[in-house]
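Where a number appears in this text, it was derived from the coordinates with a stated rule and is not lab data. Quick caveat: nothing in here was measured; it's all calculated off a predicted structure. A quick note on method: Cβ atoms are made from the backbone with ideal geometry, for glycine too, and the neighbour counts reach across all protein chains shown.
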Amino acid sequence: MTILLAPMEGLLDFTLRDILTRAGGIDRCVSEFIRVTGTLLPERVFYRVVPELYNGGRTPAGVPVRGQLMGSDVVCLAENAGRLGELGTTGVDLNFGCPAKVVNRHGGGAALLADPDLLHRIVGAVRRAVPSAVPVSAKMRLGIDDSSRAIECALAIQEAGADELVVHGRTKADGYRPPARWHCIGEIRAAVRVPVVANGEIWNVADAEACRRESGCDDLMLGRGMVAYPGLARAIADPTRPPLAWAALMPLMAAFWQLVCAKIEPRAQAGRLKQWLNYLRRHYPEAGEAYLRLRAINDPAALALGLFGSTPDLHYAHQSATSTWRGETP
């Protein structure tokens with residue numbers, strides 16, 4: 001079984017990828033999307049979204065990260081995939097699943113599921129643009145309003161040369177409303193030859209077992225469930241392991257805060273910590289108490305004092321982040 005960490009715009013950026021891969025159990029990550037809109041992007045854009053490129057395409061814990069591209073221009077996507085390959089990515093992933101309206105209005109993400117021929121041309125062009133040793137994968141939803149063309153889309157992606165397909169068990173119209181239809185992922189898995197990874201609504205070990213059973217997939221992708229419980233991947237991989245306690249999570253949260261203080265603009269720092277606390281409330285009562293106590297605080301120093309009992313050592317944070325992430329500041 002391979003467990004992937006999902007790309008989630010505005011949440012699972014390089015800071016949280018770093019921390020969650022330290023927690024253990026994650027075998028591979030996919031970055032947030034790099035938007036491609038008609039031009040060959042400068043290298044700094046790739047490094048900003050995927051600073052792991054400074055580290056051989058891996059997080060500090062050694063977990064490989066595939067850069068994800070999103071767009072609808074076949075030629076431009078291929079050119080940018082080639083650039084990403086030159087920078088040493090461990091793989092190129094294509095976004096055919098984002099349900100955001102602003103993305104779909106410009107012909108990106110899940111909107112592409114209306115045109116299997118375009119999917120085929122995009123994947124084929126990207127596959128030709130990167131070395132054969134660099135895997136090309138894609139992530140799709142079941143469709144736009146229904147799943148009637150899901151298999152057609154999956155076959156188009158496969159026949160164009162994709163090495164792997166991640167399927168989120170909901171349509172664009174579903175957004176993130178439960179349930180995820182894992183059995184529909186199973187229908188796609190049965191129709192294609194490439195490996196299929198199941199994604200959607202996996203919050204605990206029981207969900208993971210049910211998803212694998214209903215989808216027939218060995219491999220899983222975790223998103224919000226991993227953010228809410230950073231011990232989820234290792235619990236799925238080995239259910240006999242003791243759960244990740246709040247006390248054991250606190251050093252990881254402190255490391256996250258140090259990285260945020262060093263690499264995220266000051267006005268967004270408090271929001272990033274409270275955003276994670278809000279997810280953690282689902283699993284940890286202590287996180288719920290902390291979130292309610294701190295949610296009105298926006299000063300980073302006061303927030304750190306309230307959660308960790310001390311203000312952050314910004315010099316140490318800068319030195320730690322610099323040693324972790326080589327090269328220019330993202």
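Taken over the range 187-253, the percentage of Cα pairs per 10 Å bin, counting from 0 up to the bin with the maximum distance, is 20, 46, 24, 8, 2. Annotation: lysines with alpha-carbon distance below 21 angstrom to K139 (same-chain offsets under eight excluded): K101, K172. So what's the gap between the Cα centers of the range 248-290 and the range 36-71, to the nearest angstrom? Their Cα centres are 24 Å away from one another. Computed over the alpha-carbon pairs of the chain, the distance histogram in 10 Å steps reads 6, 27, 34, 24, 9, 1 percent, short to long.
What translational diffusion coefficient, in µm²/s and rounded to a whole number, does the Stokes-Einstein relation yield for the range 9-72 at 37 °C and a viscosity of 0.692 mPa s, taking the hydrodynamic radius as the Kirkwood radius over Cα pairs? The estimated diffusion coefficient comes to 271 µm²/s. Across the range 169-189, the residues whose backbone nitrogen lies under 17 Å from the label position 7 Å along the beta-carbon direction of L11 are 169-181. Under the combined filter of DSSP loop state and at most 16 neighbouring Cβ atoms within 10 Å, the range 136-190 retains these trypsin sites (Lys or Arg not before Pro): R149.
Which value in deg cm²/dmol, rounded to the nearest 500, describes the helix-derived mean residue ellipticity at 222 nm for the chain, given -39,500 (n - 2.57) per DSSP H run of n ≥ 4 and division by the residue count? Write down the numbers at each step before the final one.
Working: 15 runs with 153 residues, N = 330.
It lands at -13500 deg cm²/dmol.
When the alpha carbon coordinates of the range 168-308 are projected onto the principal axes, the ranges are 54, 37, 25 Å, largest first. Running Debye on the range 4-125 with equal point scatterers at the Cα sites and no solvent, what base-10 log of I(q)/I(0) appears at q = 0.10, 0.12, 0.22, 0.23 Å⁻¹? Computed log10 I(q)/I(0) values: -0.29, -0.41, -1.25, -1.32.
Report, for the range 3-237, the % of DSSP beta bridges that are antiparallel, rounded to 5. Intermediate results must be reported in sequence, preceding the final value.
Working: 1 of 30 bridges.
If I count the DSSP bridges inside the range 3-237, around 5 percent turn out antiparallel.
Using the Cβ of G24 as centre and a radius below 11 Å, the other residues enclosed give a net charge of +1, where K and R count +1 and D and E count -1.
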